[in-house]
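Written below as C-alpha cells is the structure these notes are about.
The values are calculated or read from the model by the stated rules, or taken from the named source; none is laboratory data. Bear in mind that the values here come from a model prediction, so they are computed numbers and not experimental data. Positions of Cβ are generated from backbone atoms using ideal geometry, with glycine treated the same way; all protein chains shown enter the neighbour counts. Keep in mind that these areas ignore ligands, DNA and RNA; they rest on the heavy atoms of the full protein, side chains included. Shrake-Rupley method; radii C 1.70, N 1.55, O 1.52, S 1.80 Å.
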Amino acid sequence: MADGVRVVAWSVVVHLGQAVTQPVSESRRKEHRWLARSLNGLGVDPWFRQDSAYLSVKQLSTEPTRVQHFVEPPADLPDDATIILDLSDAPYELLNEPLLAGLADGVGRMLAGGPRTILILLCKLPPESLLWEFLERDTAADGTGRVVVLDDEGALRSFGHGKRGFTPLMRDWPGRRRQASGTANERFERRVVTRLGHFATADGERCTPAWQDMRGAVGELTECLSNWIDQTGAAGTRMIVCGPYSREFRVAVVAAAAACGGDAGFAATPDELEDTASGVGNVLAFEYVRSGDTLGDFRRALPSWGVPVRTRALAVMAAPAAYGLRHPDLQLDVLAVRGHEDVQRSACARCLASAPRLEDPSRTDPGTGIDAATMWWMLDRVPWGPEGYGPPEHARYPYIPDFSAVFERFGDWIALKYEELLKGIGLVDDLVVVCAAEPAVRDLVKRLASRFQNQLVPVEIERDVIDAVAADAARAHGLASALDDVSDASETIPAWRRQLADLGGRETGTGHRLAVIALDEFNASGATARGLTTLLGAFGVTLDAYVPFVDWSGGEHVPGRPTWSLYSFYYPRPTG
C-alpha cells in the first residue's frame, strides 16, 4: 500500500420491505471499510450514510424503480471514489426486475460522474436478469469505471475494467457474512421454536407442555447435518433415521445425505435395519433423544446387524439427562439440548381439568393469546424479584417475574404468538415497533423481527423520555419541533427522533400497509402507552395498537388506542 494514497468510500444500506429508516451499525460500517480496502488495495477515508435507505412493501409493488434516487451519492463525491450499495439484507424474493432495473439506472448515473468503482451487495445473484445487460452497457466504454456485484456465498460478477480485489472478496466475504449471522448450529437453534401448551406425545398416551417445532428450520438443519457428515468423515454413507421422525427431519436428512454423496434410510425399530442398512457404510441419526430408551434399543442391536455401522451417531435434539449419551460403543453428538417433560394422561392436571389437548402438535394453536395454565407454567420457571427499572422506586412492584429471563428462555414462542396476534388484527405489512430502550423488551423485539424476516423496524426510545412526556405532554412538541430536517442530522441526535421525523405525516392502519405498534413487557397503569401515543402524535405519527406482553392494569388503556395483550390479570401498581 503506497504511503499517503487513499480512496474515498461512500456507502449506503438499502432495506427492502421496511417502512422507516434505521441507523447503520458500526459493525456494518466496519465491513464496508474492509470491502473498500480489498477492492482498491489502498487506505480508506469512509463517508457513510448514517441511516439506511428503504423501500416499503407498498413501494416495492407500485414504484420499485425509486431505488435509483435512494442510492444517489453526494454531489461532491470525488470522481474516483468507491461506492458500496448494500442490499444484502433484502430477501431474494424481493429483488424483482423493476427494482434491479432502477438500481442499474442509478449505477449508470454514478459512472457518468467519473471512473468509479461500484460494489453492489446482494444476498444471492439472480441467474438471469436485465441488471446484467444494463451493467454491461454502462461499462462498455473505456474509462467508465467498473461495477462488481457480490453475494453472500462469494459469487461475483464484474463489469468494466480491472479485477483488483476479487480474490479476497470471493474467498473471505462468505465467512464474514456467516460470522455476522452465527454458525449453522446457532442459526438452527434460533429457528427451532419451543411451542408451549397442552400437547399429546407421539404415542398419544402421555401429555407434554412443550413441543419442539422445526418447521421453520429445515434449511438450517440441512446445513447442520451436511456439516456433521463432512466433519465426521461420514460422506458417501447411508444416514439411517432411527425411531420416530417428523416430515421436516426426513426432508433435511435426504437433502444432506445426497449433498454429501450418500443416501438416506429409515428404521422405526432395530428389526427394520436388516432391510434398510447399506453394505457400504451406515451412520445413525435420531430426531429427539428423550429418555434414551430408543437409543438403547438400537445400540444393543449393533453387534447383530452384520453391516458396517459407524460408532459415532447424531441426535438433532436431546434432553440433558438422556440415558446413553456417553456410551462407549455409540458416541452421540447433539446439535441442541432441549429439556423435555411429559406425564401420563391419567395424571395430567390439564386433562383432569378438561383443558383442550392438541393431538397433533403441528396444528396452529386455536387461540391467539396465552392460556392461564401455560402462562403460569412459564412464569414458574423463571426467577422473581423486585422491579429493577422503569418508574420511581416508590411505585415499583416488590415482586414480579424476571421478564428478561422469560424472553430469553421462551421468547421465540412468545414472538410466534405475537405474530399470530398481529396477523389476526391485520397489522403486519411495513411493521414499525416502538418500544422503550430497555433490555427485556429489546430482546423480544429482536426475536419478533426474525419472525418477519428482519423486515420489522424497531424504534427504541429512552424510558426517561417516555415518562417525561407522559407527565407533561408539552415536552413532546418541543422534541418534535427542534428537529426540522433529518437529512443532515448529526449523529448526536438520537436515532428514534430521526426515525419518527421520517415517519411523520404518513397514513397508518390496515388500509395503508403501514402499521405502527407499541410493544411493552407489561401494562400496569397505562403511563407508557400514554407517553408513547403523545410523543408519536407530536411527530405526526399515529399509533395503531398498544400490545403489552401481560396486561395487569385492570383496564387503564389509552382512549382511542386499542390494547391487545397475550395475557391479562389485575395486579395494581403500588401507590407509595
Search result, residues across region 429-443 that are more than 23 Å from residue 466 (Cβ to Cβ) and either surrounded by 19 or more Cβ atoms within 10 Å (Cβ to Cβ) or in contact with a Gly (Cβ under 7 Å, 6 or more places away or on another chain) (or both): 430
Residue pairs meeting the criteria (Cβ under 6 Å; at least 6 apart or on separate chains; first free of Cβ contacts under 8 Å to residues at least 40 places away in the same chain and crowded, with 18+ Cβ neighbours inside 10 Å, in region 91-111; second part of a helix (DSSP H, G or I) and of a type in the set (S, T, N, Q)): 102/65; 102/68; 106/68
Any hit, region 178-190, residues being open to solvent by less than 70 Å² (accessible area, probe 1.4 Å) and either over 29 Å from residue 416 (Cα atoms) or β-branched (Val, Ile, Thr) (or both): no
Single residue of region 495-535 satisfying the filter (assigned to a strand (DSSP E or B) and in contact with a Ser or Thr (Cβ under 8 Å, 6 or more places away or on another chain)) that is modelled with the lowest pLDDT: 509
Output for region 363-391, where each listed residue is open to solvent by 80 Å² or more (accessible area, probe 1.4 Å) and without any contact (Cβ under 8 Å) to a residue 40 or more places away in the chain: 363, 366, 376, 380, 384, 386
Subset of region 262-299 that is of a type in the set (Phe, Trp, Tyr) and under 21 Å from residue 337 (Cα atoms) - its residue that is most open to solvent (accessible area, probe 1.4 Å): 288
Filtered residue count, region 133-149, keeping only those that are part of a strand (DSSP E or B) and free of Cβ contacts under 8 Å to residues at least 60 places away in the same chain: 4
Filtered residues of region 212-240 (kept if surrounded by fewer than 21 Cβ atoms within 10 Å (Cβ to Cβ) and within 22 Å of residue 293 (Cβ to Cβ)): 212
Candidates 37, 66 - the one that is open to solvent by 40 Å² or more (accessible area, probe 1.4 Å) and free of Cβ contacts under 8 Å to residues at least 24 places away in the same chain: 37
Total residues in region 112-132, condition in a strand (DSSP E or B) and either polar (S, T, N, Q) or open to solvent by 20 Å² or more (accessible area, probe 1.4 Å) (or both): 1
Complete set of residues in region 444-466 that are outside any helix (DSSP H, G or I) and either buried (at least 17 other Cβ atoms within 10 Å of the Cβ) or free of Cβ contacts under 8 Å to residues at least 60 places away in the same chain (or both): 452, 455, 456, 457, 458, 459, 460, 461, 462
Tally, over region 41-63, of residues that are in contact (Cβ under 8 Å) with a residue 40 or more places away in the chain and in a loop (DSSP other than H, G, I, E, B): 5
